[in-house]
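Input: a single structure, listed below in structure tokens.
Just so it is clear, none of the values below were taken in a lab; they were calculated from the coordinates. For clarity, every value in this text was computed on a predicted model and none was experimentally measured. Here the Cβ is made from the backbone with ideal geometry for all residues, glycine too, and neighbour counts use every protein chain on show.
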Amino acid sequence: MEKSGECFFSSTDDNFNSHFLPNCSYILDLLKEELSNEPEAFTTFVEIGTGKGNVLNYLSSKFPEINRFVGIDLSEDQISSNRDKFSNNIKLEFVASDAVKWVEKNGKPNTVFLTAGGVLEYFTEEQLNDFLKQINNLGKSYFVAMEPNGLDHDFGLNPNSQLYGHERSFSHNYSKLFKNAGFTIWHMSHKDWNEQYIQCLVGAKS
């Protein structure tokens, strides 16, 4: 379901340092605070669309209390490269797989899921709705999504997903979709990005 290859923030070290860290990492501070209030420890962190693995590696240092970090990507070549690049970080696992199929076989409660910079936009609305329900049914889980919304997408006029941009991917109404899947929204914000889209940052929990 998710796009093969590299997500925006993971595609180069420059994008990770110049865009992800200053513009989007604040939501991870909020996530850390949310998790500290949970009665049970969260044991696994899963990044869907891990690309070059830079975000996943950062997460492992940001959340030292979590022991397992799984990066999923469709590109077998990229996953192989990541395994070599981060071989010294024993907390990281890189898996070449479709995210939906991986969650079907391996999903467990007390897991945090994350997308960084354009992954869920390649799901149709129906596919994303089903996927979020699938994750919600695992039990206690958190989801942090950093995804684009088209500048011309007025949710008041069209609360459903619509195509945007030159790739004709989907601008989703993330608040609506997460709530419909049974999640509670604990954070929602937007960042101006470029002439085609804004960045939506959403935190949800089951």
Most mobile listed residue (Leu114, Leu56, Leu31) in the chain, GNM with C-alpha springs under 10 Å:
Leu31
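Could you calculate the FRET efficiency of Ser175 with Asn110 from 1/(1 + (r/R0)^6), where r is the beta carbon distance between them and R0 is 30 Å, rounded to 0.05?
FRET efficiency, Ser175 to Asn110: 0.80.
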Non-local amide H neighbours of Asn173 (under 5 Å, H modeled in plane, Pro and chain starts lacking H): which ones?
Ser161
Measure up Lys52/Lys179; Lys85/Lys108; Lys91/Lys176 against 29 Å on the Cα-Cα distance and list the ones that go over.
Lys52/Lys179; Lys91/Lys176
Quick one: which residues, 5 or more positions from Met188 or on another chain, have an amide H under 5 Å from its amide H? H modelled 1.01 Å from N in the peptide plane, none for Pro or chain starts.
Gly203
Would you mind telling me which residue in Lys105, Lys32, Lys91 has the biggest mean-square fluctuation in a Gaussian network model of the chain, where springs connect alpha carbons within a distance under 10 angstrom?
Lys105
Shape call, the range 19-138: gyration tensor on alpha carbons, a/c limit 1.5
rounded
Determine ³J(HN,Hα), in whole Hz, for all residues of the range 35-44 in sequence, where each value follows from phi through the Karplus function 6.51 cos²θ - 1.76 cosθ + 1.60 and θ = phi - 60°; x replaces Gly and Pro.
5, 5, 8, 7, x, 10, 6, 8, 9, 9
Everything considered on the Cα gyration tensor (a ≥ b ≥ c; rounded for a/c under 1.5, else prolate if a/b is larger than b/c, else oblate), the chain must be described as rounded
Under the rule of at least 5 residues apart or a separate chain, name every residue whose amide H is placed under 5 Å from the amide H of Gly71.
Glu47, Glu93, Phe94, Val95
If you average the alpha carbon positions of the range 61-97 and of the range 157-197, how far apart do those two centres end up, in angstrom?
27
Here the range 155-168 yields Karplus 3J(HN,Hα) values (6.51, -1.76, 1.60; θ = phi - 60°; whole Hz; Gly and Pro given as x) of 5, x, 8, 9, x, 9, 6, 9, 5, 8, x, 6, 7, 6
Which residue fluctuates the most in the chain, going by a Gaussian network model with Cα springs under 10 Å, if the choices are Gly156, Gly49, Gly117?
Gly156
In sequence order, what are the phi-derived ³J(HN,Hα) couplings for the range 126-138 according to the Karplus relation 6.51 cos²θ - 1.76 cosθ + 1.60 with θ = phi - 60°, rounded to whole Hz, with x for glycine and proline?
5, 4, 5, 4, 5, 5, 5, 5, 4, 5, 4, 6, 5
What's the magnitude of the charge dipole for the range 43-205 around its Cα centre, counting Lys and Arg as +1 and Asp and Glu as -1 at the beta-carbon? Answer in Debye, nearest 20.
760
Signed unit charges on C-beta, dipole axis of the range 43-205, positive-most listed residue Asn160, Ser61, Leu132:
Ser61
Mean ellipticity per residue at 222 nm, deg cm²/dmol - from DSSP H runs of n ≥ 4 across the chain, formula -39500 (n - 2.57)
-8000 deg cm²/dmol
